[in-house]
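Input: a single structure, listed below in structure tokens.
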Amino acid sequence: MACNGYERVWDLTPGELVQLDGARGTTLRVTRGVLWITLQDDVRDVILAAGDTFTIDRDGLTLVEAQDIATVCVLAMHAVDVRRGAGRPGLAARIAAWVTSFGTADFERRSAPYY
């Protein structure tokens with residue numbers, strides 16, 4: 001699916017977050033991947049897959065997070081988007097942090113009484 005007629009195209013990496021403020025009326029159309037959307041003061045969590053469209057129906061903060069590699073067409077953008085890198089580090093970074101933690105862990109042993 002092409003994004004003909006849309007003002008912006010986002011190519012998002014897994015875990016990448018886009019923060020929109022005051023974006024009421026903005027339409028998001030997913031052409032690849034899956035998005036998770038949450039809106040301020042709204043109990044809904046919106047999940048969009050490829051081919052789905054959603055129009056933001058309230059003011060306030062809207063968070064859009066890619067669940068995997070995603071392409072999103074954006075129409076009628078009223079607010080500036082703030083993109084943040086992936087919130088969760090990759091597997092290699094998590095393994096490296098785990099291995100490094102062994103060198104910094106406090107291995108003080110305390111004796112317990114044996115009866």
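Relative to the current alpha-carbon distance between T55 and V99, full extension at 0.36 nm per residue lengthens the span by 11.4 nm. When each of the peptides 33-45, 60-72, 8-20 is scored by how many other beta carbons lie within 10 Å of its residues on average, the order from highest to lowest is 60-72, 8-20, 33-45. The phi torsions of segment 28-41, fed into the Karplus equation with coefficients 6.51, -1.76 and 1.60 and a -60° offset, translate into couplings of 10, 10, 8, 9, 8, x, 9, 10, 10, 10, 10, 10, 4, 6 Hz, rounded to whole numbers, with Gly and Pro shown as x.
Computed from the C-beta positions of V43 and C3 and an R0 of 35 Å, the FRET efficiency is 0.70 to the nearest 0.05. Simple spin-label estimate for T13 and T27 gives 3.1 nm between the two label positions (7 Å along the Cα-to-Cβ direction from each Cα).
Every read-out reported here was derived from the displayed coordinates using simple, explicitly stated rules and does not represent laboratory data. Quick caveat, the model's predicted, so the values are computed rather than measured. Here the Cβ is made from the backbone with ideal geometry for all residues, glycine too, and neighbour counts use every protein chain on show.
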